[in-house]
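A.B. asks: Just dropping this structure here.
The values are calculated or read from the model by the stated rules, or taken from the named source; none is laboratory data. This structure is a prediction, so every number in the text was calculated from the model and none was measured. Positions of Cβ are generated from backbone atoms using ideal geometry, with glycine treated the same way; all protein chains shown enter the neighbour counts. Each accessible area value is taken on the protein alone, full model and side chains, heavy atoms only, with ligands, DNA and RNA left out. Shrake-Rupley method; radii C 1.70, N 1.55, O 1.52, S 1.80 Å.
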Amino acid sequence: MEPPTHTRLYIPGPVEVHPEVLAAMARPVMGHREKRFEVLYARVQEGLRRLLETRAPVYPLLASATGAMEMAIRNLVRRRVLCLSAGAFGERFHEVALANGKEAVLAAVEWGEPNTAEQVREALGGGGFDAVTVVHNETSTGVMSPLAEIARAVREHDDVLLLVDAVSSLGVVPTPLDAWGADLLLAGVQKGLGLPPGIALVAASERAHARARAVKDRGYYFDLAVHARYHERDQTPVTPSVSHLYALQVALDRIRREGLPARYARMESLAHRARAWGRERFALFAREGFESVSLTYYRNTRGVDVGALNAHLREHHRLIIGNGYGRLKDRTFRIAHMAETTLEDLDEVLSAIDGWLGV
Ligand SMILES: *Cc1c(COP(=O)(O)O)cnc(C)c1O
């Protein structure tokens, strides 16, 4: 095997980009009002709809995923929103809602625990909510919340829309927008899809488009109605990152060639391997049964110096893993295994850590 020529990323985003995808970013730029752009846009659309198991349009935004959160809030919340939270990104959705002048109620659980359908039923019981936000895979804690159950609980209320952050679950586990009955799904591309960071994706249901038309002050850049109008012609309202769309097309072609069931099975086996290794040497952070498939979060039960470990991995193995999030920085660490990661890649990471631990 060729020695790696760069530091490989096993942090929870951005993740490693496959050379074919990276090469697509270097193609000559085209004008976005050319006919061939529409052909590219339509192809990307087709791949995204297959991935999301939806008939809804999927809009590419020139923003990171947090911009897509802003789009979700500004278009779909008239007055009041319930924000489920199991960690830092759930909290961010709440902050985004407040910063956009909405009333936002935070329904948080302890870090390491998932959000639940019971939480939704209890909170929505009082009425008065326009929407619920939820993070499918909470990257800051390595927890996946049971989206199908949560969606069913939201769907018991006709006028309450469900806004899903699938930033680190899209491309890792099924995210069937229509089957969930969700109204908006947002994602970045630098996690489960394995692209360089730089665009975000927003899929929106018919109900979401209808709601948006009735919400005031949606702004312009992230207005769902504006995006929908251009989408009709396979175009974007503003200059898109053509380079990212080339890369996305290549990534989606790679997904189609691997096959979704095979891809999801690979992701599950990576997660099983990462957990089994962690249970033997450390302990897992997430509540059992709700561990993320995208990344594994370890409790640093050996009290190792994670900074020193990462410096060793960088210098001797040309790779890095993630430290803990925020206040958990030294007490935990994370290994991401999304996008194009193979079992061989993961084994290399784990045995490099074993070598450093001396086990
Ligand atoms: C990374 C991440 C975000 C924020 O994405 P940016 O691209 O940095 O804006 C939001 N939600 C989740 C779950 C994430 O993992």
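A.B. asks: Please give me the summed charge of the neighbours of residue 219: other residues whose Cβ is under 14 Å from its Cβ, Lys and Arg +1, Asp and Glu -1.
C.D. replies: +1
A.B. asks: Could you state the orientation-averaged shadow area of the convex hull built on the Cα atoms of the stretch 30-182, in nm² to one decimal?
C.D. replies: 9.5 nm²
A.B. asks: Given the Cα atoms of the stretch 289-342, and with Rh set as the inverse mean 1/r over their pairs in the Kirkwood sense, what is Rg to Rh to two decimals?
C.D. replies: Answer for the stretch 289-342: 0.99.
A.B. asks: Could you state the number of Å between the C-alpha centres of the stretch 262-278 and the stretch 283-348?
C.D. replies: The stretch 283-348 and the stretch 262-278 have Cα centres separated by 14 Å.
A.B. asks: Here is a follow-up. What FRET efficiency do you get for residue 149 and residue 272 if R0 is 22 Å and r is their Cβ-Cβ distance, rounded to the nearest 0.05?
C.D. replies: The computed FRET efficiency comes out at 0.45.
A.B. asks: Using only the heavy atoms of the protein chains and a 1.4 Å probe, how would 258, 344, 53 rank by accessible area, largest first?
C.D. replies: The ordering from most to least exposed comes out as 344, 53, 258.
A.B. asks: Something else about it: Going through the stretch 213-275, which chymotrypsin sites (Phe, Trp or Tyr not before Pro) have at most 11 other Cβ atoms within 10 Å and a DSSP loop state?
C.D. replies: 220
A.B. asks: A further question on this structure: Nothing charged except the Cβ atoms of Lys and Arg (+1) and of Asp and Glu (-1): what's the magnitude of the dipole of the stretch 227-331 about its Cα centre? Round to the nearest 20 debye.
C.D. replies: Approximately 220 debye in magnitude.
A.B. asks: While we're looking at this one, here's another question. What is the dipole size for the stretch 31-168, taken about its Cα centre, with +1 at each Lys and Arg Cβ and -1 at each Asp and Glu Cβ, in debye to the nearest 20?
C.D. replies: Magnitude of the dipole: close to 780 debye.
A.B. asks: Now for a different question. Using only alpha carbons, build the gyration tensor for the stretch 141-231 and give me the equivalent ellipsoid semi-axes, biggest first, whole Å.
C.D. replies: Square roots of five times the eigenvalues give 22, 20, 10 Å.
A.B. asks: Let's test the formula: R0 of 35 Å, r as the Cβ-Cβ distance of residue 95 and residue 55. What FRET efficiency results, to the nearest 0.05?
C.D. replies: The value I calculate is 0.65.
A.B. asks: Here is a further query. Over the chain, what is the percentage of antiparallel beta bridges among all DSSP beta bridges, to the nearest 5?
C.D. replies: 50 percent
A.B. asks: Charges at C-beta only: +1 for Lys and Arg, -1 for Asp and Glu. How large is the resulting dipole of the chain about its Cα centre, in Debye rounded to 20?
C.D. replies: 660 debye
A.B. asks: Same structure again: Report the convex hull volume per residue for the stretch 237-342, counting only C-alpha atoms, in Å³.
C.D. replies: In the stretch 237-342, the Cα hull volume divided by residue count equals 173 Å³.
A.B. asks: Calculate the tail of P(r) for the chain: the fraction of all Cα-Cα distances greater than 32 Å, expressed in %.
C.D. replies: When every Cα pair of the chain is considered, 31 percent fall beyond 32 Å.
A.B. asks: What number, rounded to the nearest 500 deg cm²/dmol, is the helix-based mean residue ellipticity at 222 nm of the chain, given -39500 (n - 2.57) per DSSP H run of at least four residues and division by all its residues?
C.D. replies: One gets -13000 deg cm²/dmol as the mean residue ellipticity at 222 nm.
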